[in-house]
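We did not get these values from a lab; they are worked out from the coordinates using the rules stated. If you're wondering where the values come from, they're calculated on a predicted model, not measured in any experiment. No Cβ is skipped: glycine too gets one built from the backbone with ideal geometry, and neighbour counts run over all protein chains shown.
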Amino acid sequence: MKTEQVTSAQNPKIKHLLLLQEKSRARREQGLFVVEGRRELEHCLEAGFTVRTVFVCPEVAGEDSFASLGMTKDISSGTTFTCQSEEAGGRRKNLAGDPLVIEIPEALYRKVAYRESTEGIIAEVECRNIGLEDLDLPENPLVVVLEAVEKPGNLGAVLRSADAARADAVIVCDPLTDLWNPNLIRASLGGIFTVPTVAASSEETIAWLKAHGIRILTAQLQDSSWYYNVDMTVGTALVMGTESTGLTQIWRDAADAHIRIPMLGHLDSLNVSVSTAILLFEAVRQRNA
């Protein structure tokens, strides 16, 4: 395993890391994205992603964080870190392989890290984009569809709910943020790696859902039924629009049913991630009844 020590923010590798964090174009052109935090990186590895570079800060990380990723610090041998191979149920659990490991001091880590509580580990990882045709769904799948989602934090929160409800996929239609945005990965707590997530156009997604016999339930205020009165035990796609404009007409026309959540106060909408969670767990309730 290749190891280095870097202490300056002017180092090209540090500048490269910051570029990937800040620019979607750089992520797209280089096919790399950034994962910050031990828990998020563990989920990333379990999903089979390939890590190119790992930045570690021993003062922040501690031995427990290293051990959970199969890393061992060995100063006596002249090697800063080594990684042990481990498989669990066919899923890789650690950093086995040949990533470059760069040790950085705490002061530099504080400059490149978004959060203080990320266990002193940041990684550059190879992108792996999948399409609708790659989704392997069970019988009567539960799918979340988000149209034109703009805020990475909202998408990340939806992914956390999708993971909690064991949704089979999240499809992001006509996205206004890339799926490898660091804010999205942080907000999802690694849910982007635990729930199959696909970007596609609305037209492609509608055709795919209909071809697979998945009912399209659109969340909207007009012409709609209470969500708990609609059958979600069959193959179901819960389709959510933006908080500002809702769903476009193409989805309203394609829907098999329109559903809504009762609003008993003075405001007319919930955050899209909250609304999605309510609908997901109604599906869970019906399927476990």
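Worth pointing out:
- In order along segment 155-170, the Karplus-derived 3J(HN,Hα) couplings, from 6.51 cos²θ - 1.76 cosθ + 1.60 at θ = phi - 60°, round to 5, x, 5, 5, 5, 5, 5, 4, 5, 4, 8, 6, 5, 8, 6, 10 Hz, and Gly and Pro are given as x.
- Here the Karplus curve 6.51 cos²θ - 1.76 cosθ + 1.60, taken at θ = phi - 60°, turns the phi angles of segment 174-184 into couplings of 6, x, 9, 9, 7, 5, 10, 4, x, 5, 5 Hz, with x standing for Gly and Pro.
- For L32, the residues whose amide H sits under 5 Å from its own are C127, ignoring neighbours fewer than 5 places away on the same chain, with H placed 1.01 Å from N.
- Length released on extending from E243 to E106, taking residue separation times 0.36 nm less the Cα-Cα span: 45.3 nm
- 0 to 90° range, to nearest 10: angle between helix 58-68 axis and the chain longest Cα axis: 70
- Within the listed set D178, D223, D231, the residue fluctuating most in the Gaussian network model of the chain (springs between alpha-carbon atoms under 10 angstrom) is D223.
- Among G265, G37, G153, residue whose mean-square fluctuation peaks in a GNM of the chain (springs only between Cα atoms under 10 Å): G265
- Neighbour net charge for T205 - beta-carbon separation under 10 angstrom, K R +1, D E -1: -3
- Using alpha-carbon coordinates, inclination of helix 12-22 to the longest axis of the chain, degrees: 10
- Relative to the current alpha-carbon distance between D98 and E59, full extension at 0.36 nm per residue lengthens the span by 11.7 nm.
- Between M263 and Q10, the FRET efficiency estimated from the beta carbon spacing at R0 = 45 angstrom works out to 0.25.
- Degrees separating the helix 272-288 axis from the principal Cα axis of the chain, which is the longest one: 70
- When P(r) over Cα pairs in 10 Å bins from 0, in percent is calculated for this entry, the matching label among (i) 6, 29, 36, 22, 6, 0; (ii) 6, 27, 30, 19, 13, 5, 0, 0; (iii) 5, 15, 16, 20, 17, 12, 8, 4, 2, 0 is (ii).
- Between A47 and E204, the simple label model (points 7 Å from Cα in the Cβ direction) yields a spacing of 1.8 nm.
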